[in-house]
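Participant: First, the structure itself, so that you have it in front of you.
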Amino acid sequence: MKIAFFTETFLPKVDGIVTRLTKTIPHLIDAGDEVVVFCPEGGPSHYMGAKVVGVPAMPLPLYPELKLGLPGPAVYDTLDNFHPDLIHVVNPAVLGLGGIWLAKTNGIPLMASYHTHLPKYLEHYGMGMLEPLLWELLKAAHNQAILNLCTSTAMVSELSEKGIQNTALWQRGVDTEAFRPELRSDEMRRRLLGEYDDQGALLIYVGRLSAEKQIERIKPVLDALPQARLALVGDGPHRQQLEKTFENTATTFVGYLCGEELASAYASGDAFLFPSSTETLGLVLLEAMAAGCPVVGANRGGIPDIITDGENGCLYDPDGTNDGAESLIFATQRLLGNDLQRQGMRKAAREEAERWGWASATKQLRGYYREILKKEAPGIAA
């Protein structure tokens with residue numbers, strides 16, 4: 001099969017969408033598929049056998065890490081020469097809308113996938129009143145596709161309720177060879193602790209430092225657990241505000257980590273706290289679990305698909321008292337518990353992650369591609 005991806009985010013950016021794409025592409029190539037990726041400029045020209053076409057893009061004013069670009073002549077020429085069997089639009093915004101238009105005007109079967117819960121982000125940027133309008137725009141875009149994939153059962157249900165048709169689940173995946181408990185390291189633990197001593201539990205967060213991640217919700221946990229330490233791994237537009245919020249707490253701003261350093265950071269923590277209630281899946285949770293770090297996450301969106309409360313992690317109610325602060329404190333205390341209980345959760349977290357490999361997730365995706373092509377282009381699917 002010849003697959004053309006249109007994505008609003010790709011390398012060198014680091015996020016869950018990029019992780020999914022960079023883990024999916026090699027499996028597609030290994031299966032004999034041809035792949036081209038259209039994305040904002042600034043990345044490589046090729047990735048693991050796939051051609052990458054960069055599109056001039058401008059940063060989004062309120063969220064500069066997200067770049068929006070319109071397809072130009074290079075996109076049209078590449079698409080015309082490539083003759084894709086199917087176009088897969090990932091999280092359509094601006095570039096993705098171009099992909100939808102090109103699919104429709106050229107009679108190419110179209111699939112879309114939903115990864116970022118943008119309507120729920122709006123309230124964190126003071127634009128909650130625009131949520132109904134954004135849902136209408138998303139519905140208009142996604143309903144052009146033959147199939148719309150979501151990364152959790154909760155998102156399949158929510159998109160269906162909002163009027164987005166033909167939804168299905170694209171199962172989660174994680175690299176259990178890259179992320180593993182054996183990478184736990186005293187040296188990395190000292191790096192995460194920064195200037196603070198190792199007298200209590202080391203709590204970690206990995207991801208973008210942005211408003212919708214609700215990272216400030218961790219501060220009451222530190223207030224309630226004075227011996228706890230916090231390491232924030234990542235960067236983003238909300239960092240300066242968070243530095244003020246966590247001033248005079250035992251918090252280390254580590255910055256971005258990647259590769260084995262990132263895997264070691266996960267493995268070296270005692271608990272992974274992920275307060276966001278806007279997640280469609282939360283791949284970082286799976287990475288933490290693969291590294292043997294039990295997790296605390298919100299009982300919202302895609303997270304309950306990953307966390308079995310009290311077994312491989314703990315869930316908290318983000319709508320509880322004081323913006324969920326009491327629930328988050330209680331969930332963290334439950335998870336930390338005693339050493340025996342924590343070790344049991346570490347083991348269960350790793351076992352859950354081992355169930356979800358990228359090979360099987362890509363096999364499922366190729367099955368969806370074949371189903372579409374069987375209906376739209378039977379000769380290709382065969």
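Participant: Checking R172 against (1) buried (at least 20 other Cβ atoms within 10 Å of the Cβ); (2) modelled with pLDDT under 95; (3) over 27 Å from S264 (Cβ atoms), which test does it fail?
Facilitator: Checking R172 against (1) buried (at least 20 other Cβ atoms within 10 Å of the Cβ); (2) modelled with pLDDT under 95; (3) over 27 Å from S264 (Cβ atoms), the one that fails is (3).
Participant: Within region 37-74, restricting attention to residues that are over 15 Å from K13 (Cβ atoms) and aliphatic (A, V, I, L, M), which residue is modelled with the lowest pLDDT?
Facilitator: L62
Participant: Moving on to the next point. For region 25-106, give me every one of the strands (runs of 3 or more DSSP E) that falls completely inside it and has 2 or more residues that are surrounded by fewer than 18 Cβ atoms within 10 Å (Cβ to Cβ), in contact (Cβ under 8 Å) with a residue 40 or more places away in the chain and not assigned by TED's automatic domain parsing to the domain that holds L281. Don't jump to the end; show me each part of the working.
Facilitator: Working: elements: 34-40, 50-55, 57-60, 63-69, 86-90.
Passing ranges, in order: 63-69.
Participant: Which one of G255, G282 is surrounded by 19 or more Cβ atoms within 10 Å (Cβ to Cβ) and either closer than 30 Å to L149 by Cβ or not acidic (D, E) (or both)?
Facilitator: Just a single option satisfies the conditions, and that option is G282.
Participant: Among the numbered criteria (1) modelled with pLDDT of 90 or more; (2) touching a strand residue (DSSP E or B) at 6+ places or on another chain (Cβ under 8 Å); (3) in a helix (DSSP H, G or I), which single criterion is violated by A145?
Facilitator: (3) is the only condition that A145 fails.
Participant: Okay, moving on. From the list R355, R300, which residue is surrounded by 15 or more Cβ atoms within 10 Å (Cβ to Cβ) and not in a helix (DSSP H, G or I)?
Facilitator: R300
Participant: On to the next question. Can you find, within region 148-175, the residue that is nearest to the chain's Cα centre (by Cα) among those that are closer than 22 Å to L285 by Cα and assigned to a helix (DSSP H, G or I)?
Facilitator: If we take residues in region 148-175 being closer than 22 Å to L285 by Cα and assigned to a helix (DSSP H, G or I), then M155 is nearest to the chain's Cα centre (by Cα).
Participant: Right, next: Please give the number of the condition A178 fails out of (1) touching a strand residue (DSSP E or B) at 6+ places or on another chain (Cβ under 9 Å); (2) assigned to a loop (DSSP other than H, G, I, E, B); (3) touching a residue at least 60 places away in the same chain (Cβ under 8 Å).
Facilitator: Result: A178 passes all but (1).
The values are calculated or read from the model by the stated rules, or taken from the named source; none is laboratory data. All values derive from a computational prediction rather than experimental measurement. All Cβ positions, even for glycine, are placed from backbone atoms using ideal geometry, and neighbour counts span all protein chains on display.
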